[in-house]
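A.B. asks: The following block contains the structure, expressed as structure tokens.
The values are calculated or read from the model by the stated rules, or taken from the named source; none is laboratory data. Here the structure is a predicted model, which means the values were calculated and not measured. Using ideal geometry, Cβ is built from the backbone for each residue, glycine included, and neighbour counts are taken over all protein chains shown. We work out accessible area using only protein heavy atoms, side chains counted, and drop any ligands, DNA or RNA first. Shrake-Rupley method; radii C 1.70, N 1.55, O 1.52, S 1.80 Å.
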Amino acid sequence: MIGSPRRHEAECESTQALLAPDDPEGAIATTDHQTAGRGRLGRNWIEAPGTSVMVSVLLRPPPERRAQELSLVAAVAVALAVEDATGLAAQIKWPNDVLLARRKVAGILAELKEGAVILGIGLNVNQTREELPLDAKVAPGSLRTVDGRERDREEVLTLVLGRLEGCYAVWREGGLDALYDDLGSRDFLRGRRVTVDGAAGVASRIERDGRLRVDGEAGPLLVESGEVLFER
Ligand code: BTN
């Protein structure tokens, strides 16, 4: 079951470092504040204390599944949880961002540690506009900046873990294909002009195997990972 055992620290460097590869599957670590929060591509993840949901989850995917797909699985789960919490439609910016009203409200970091995957989720819940970073690549938001409501972070965490439990079970059974409708219908980049690794083109879709298809001048490009910059 995802969520047990749970280790909670009022403050820590990063919840990613609170889990060990031999912890049971489903173990989670949470905190109210990270002093060295980690983002993708070596970036920092910065939040004002007590404003967001930060959770790391230890998963041990079965050998027949591609562990790299887990950040998309988590993105679907977080998007569904954001929709549960707000009643608004969320989108997924491939490969790991969740957007609400075009603002990045959540990011996902999947790290491999001795065969286990530590999936880190940071979800902006109660930050005010002033509490969000100014220098982010994608304009940041929180649930509160989008709909003006403050929320109980534990309730939001429960929604996230419940959706992750469901999406992970579906993925274990049927792979990414089984989650494809929920993923494809929330694809933020579809039809947008993007640049990825210096190549420009139009993001046409997320493929059923999780790669991003970009149609460039030199033909289609199937992107496995990396950072996608988009035009507004
Ligand atoms: C990103 O968008 O670059 C990914 C951000 C991931 C942040 C979460 S917060 C909980 C967990 N602990 C970390 O240090 N990072 C992840």
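Matching residues to (1) surrounded by fewer than 20 Cβ atoms within 10 Å (Cβ to Cβ); (2) small (Gly, Ala, Ser); (3) under 30 Å from Pro62 (Cα atoms); (4) modelled with pLDDT under 95:
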site	(1), (2), (3), (4)
Gly148	yes, yes, no, no
Glu154	yes, no, yes, no
Val160	no, no, yes, no
Arg163	no, no, yes, no
Cys167	no, no, yes, no
Glu173	yes, no, yes, no
Ala178	yes, yes, yes, no
Asp182	yes, no, yes, no
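A.B. asks: For segment 1-53, which residues satisfy the criterion of being of a type in the set (Gly, Ala, Ser), more than 9 Å from the ligand (Cβ to nearest atom) and open to solvent by 40 Å² or more (accessible area, probe 1.4 Å)?
C.D. replies: Ser4, Ala10, Gly42, listed by residue number.
A.B. asks: Can I ask one more? State which residue is farthest from Thr15 (Cα to Cα) when the search covers only segment 118-134 and only residues that are within 13 Å of the ligand (Cβ to nearest atom) and out of contact with any Gly (no Cβ under 9 Å at 6 or more places or on another chain).
C.D. replies: Pro133
A.B. asks: Which pairs have Cβ atoms under 7 Å, sit 6 or more apart or on different chains, and link a residue in segment 67-83 that is not assigned by TED's automatic domain parsing to the domain that holds Pro95 to one that is small (Gly, Ala, Ser)?
C.D. replies: Correct list of pairs: empty, since none qualify.
A.B. asks: Sticking with this structure for a sec: Can we say Ser56 is within 10 Å of the ligand (Cβ to nearest atom), assigned to a helix (DSSP H, G or I), hydroxyl-bearing (Ser, Thr, Tyr) and under 13 Å from Leu164 (Cβ atoms)? Step through it out loud before you land on a result.
C.D. replies: Values: within 10 Å of the ligand (Cβ to nearest atom): yes; assigned to a helix (DSSP H, G or I): no; hydroxyl-bearing (Ser, Thr, Tyr): yes; under 13 Å from Leu164 (Cβ atoms): yes.
So Ser56 does not fit the description; no.
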